[in-house]
Amino acid sequence: MDLSNGSPVITDPMAMGQPLMGVLPSNMMPFSVMPGSYSSPAGAGLNVSRRKIEEVLVNGLLEAMKSSSPRKKHNLVFGQENLPEEDPAYTAWTATTCPSALASFKQIVAGAQGKKIAVFLDYDGTLSPIVDDPDKAVMSPVMRAAVRNVAKHFPAAIVSGRSRKKVLEFVKLKELCYAGSHGMDIMTSSANYEHNTEKAKEANLFQPAREFLPMIDEVSKSLLEVTSGIEGASIENNKFCVSVHYRNVDEKDWELVARLVNEVLEAFPGLKVTNGRMVLEVRPVIDWDKGKAVEFLLQSLGLSDSENVIPIYIGDDRTDEDAFKVLRERNCGYGILVSQVPKETQAFYSLRDPSEVTEFLNSLVRWKKHSV
């Protein structure tokens, strides 16, 4: 990926001349919908009404919400799903598809002797439990200590859908790089890492979607207004994207949420909506995601040598799959999915929950100390 000019490619299907058949393209369904980009071109002879197109969009978005956000009872104290200790399906999944990163730890670090490990971490569901109130997704002191120790021994970064400012407020550590808004707001500081101490000593800011800021602010206000009457719905402006949280919305109202989001975005063809765990993410239509953010960070920190650098990315959400895919395609490094249920994933390994993430990070630090 050529990042020399710092400008990602805008991916507008209309501009690229892709055929429009009145339905969503297969590569966007069911997890990414771009309202406002699917009007029939003049002279195309497509006998599809605007209402039908809107229904396809809303229904596709609703199905995506259901499939990626299964309703489960949560432990209100720890924010963790109450699942049986021994789930046969999960056991089979870890045995054949996505082994435990803890059980496979020796295998993970076997080829790392004499090489550099770089650690990338999602926030929600990875460093903190998933909770009903997004503003209360705080890190435990034990996790913060584990992350701090990792950052002392390895280049490390947080890559989150949250705004960079919000994640920094949660993590409260200056030893890391921070990539907020799904990697659209990256702050790097090479002075934080031992191998770069003699290089530039001031932080560098990379924001490939800066031109979308006024549009994001406008759509955030519109979404806040139209969803104000839906009990449990909340809007979070993450600077370069907007999160529509429906975790506390009655499932019978999910269709209304999908319809309102779709209606608002009709006026913003430069934005799209993707979905995660109980959240819809309104984002700019640019060729940028967490995977490209990881590539950018590796390159910026002088860690793009796939022969001598092993990136490890730990995340729990659908948006983290972009990062897992990059590591798999590079044939370098390991994606680790945090999940208590079997999932289709590009990750190589798995961890059950944030407590196992803590254990894995502590294991990395112990290994590093003993291998020196």
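The values are calculated or read from the model by the stated rules, or taken from the named source; none is laboratory data. Computed from a predicted model, the values in this text were never measured in an experiment. Every residue, glycine as well, gets a Cβ built from its backbone with ideal geometry; the counts of neighbours run over all protein chains shown. When the accessible area is computed, the model is the full protein with side chains, heavy atoms only, and any ligands, DNA or RNA have been set aside. Shrake-Rupley method; radii C 1.70, N 1.55, O 1.52, S 1.80 Å.
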Those residues of segment 241-278 that are open to solvent by less than 10 Å² (accessible area, probe 1.4 Å), in contact with a strand residue (DSSP E or B) (Cβ under 9 Å, 6 or more places away or on another chain) and not in a loop (DSSP other than H, G, I, E, B) come to a total of 12
Only one of Val242, Val219 is closer than 24 Å to Val131 by Cβ, within 21 Å of the chain's Cα centre (by Cα), of a type in the set (Val, Ile, Thr) and modelled with pLDDT of 95 or more, namely Val242
Listed by first then second residue, the pairs whose first member lies in segment 319-341 and is under 22 Å from Thr358 (Cα atoms), whose partner is of a type in the set (Asp, Glu) and at pLDDT below 95, with beta carbons under 6 Å and at least 6 positions apart or on separate chains, are Gln340/Glu81
Log entry, pairs with first residue in segment 49-67 being over 18 Å from Asp317 (Cα atoms) and basic (Lys, Arg), second being at pLDDT 70 or above and open to solvent by less than 70 Å² (accessible area, probe 1.4 Å), beta carbons closer than 8 Å, six or more apart or on different chains, reads none
Picking from Ala110, Ala137, the residue that is surrounded by fewer than 19 Cβ atoms within 10 Å (Cβ to Cβ) and not assigned by the TED database to the domain that holds Ser234 would be Ala110
- Message: Is it the case, given these coordinates, that Thr319 is among the β-branched types (Val, Ile, Thr), assigned to a loop (DSSP other than H, G, I, E, B) and farther than 24 Å from Gln113 by Cβ?
- Response: no
Looking at segment 284-301, can you tell me whether even one residue there is more than 18 Å from Ala64 (Cβ to Cβ), of a type in the set (A, V, I, L, M), open to solvent by less than 60 Å² (accessible area, probe 1.4 Å) and in contact with a His (Cβ under 9 Å, 6 or more places away or on another chain)? yes
Flagged in segment 269-295 as closer than 21 Å to Met187 by Cα and touching a Cys at 6+ places or on another chain (Cβ under 6 Å), in numbering order, are Arg283
Out of (1) closer than 26 Å to Leu168 by Cβ; (2) part of a helix (DSSP H, G or I); (3) among the basic types (Lys, Arg), the one Arg283 does not meet is (2)
Taking segment 163-182 and the residues there that are assigned to a helix (DSSP H, G or I) and touching a residue at least 40 places away in the same chain (Cβ under 8 Å), the one that is most open to solvent (accessible area, probe 1.4 Å) would be Lys165
Screening Ala233, Ala200 for residues that are on the phi < 0 side of the Ramachandran plot, among the hydrophobic types (A, V, I, L, M, F, W, C) and at pLDDT below 95 leaves only Ala200
Exactly one of Ser306, Ser355 is of a type in the set (Gly, Ala, Ser), assigned by the TED database to the domain that holds Ile158, within 20 Å of the chain's Cα centre (by Cα) and open to solvent by 20 Å² or more (accessible area, probe 1.4 Å), and that one is Ser355
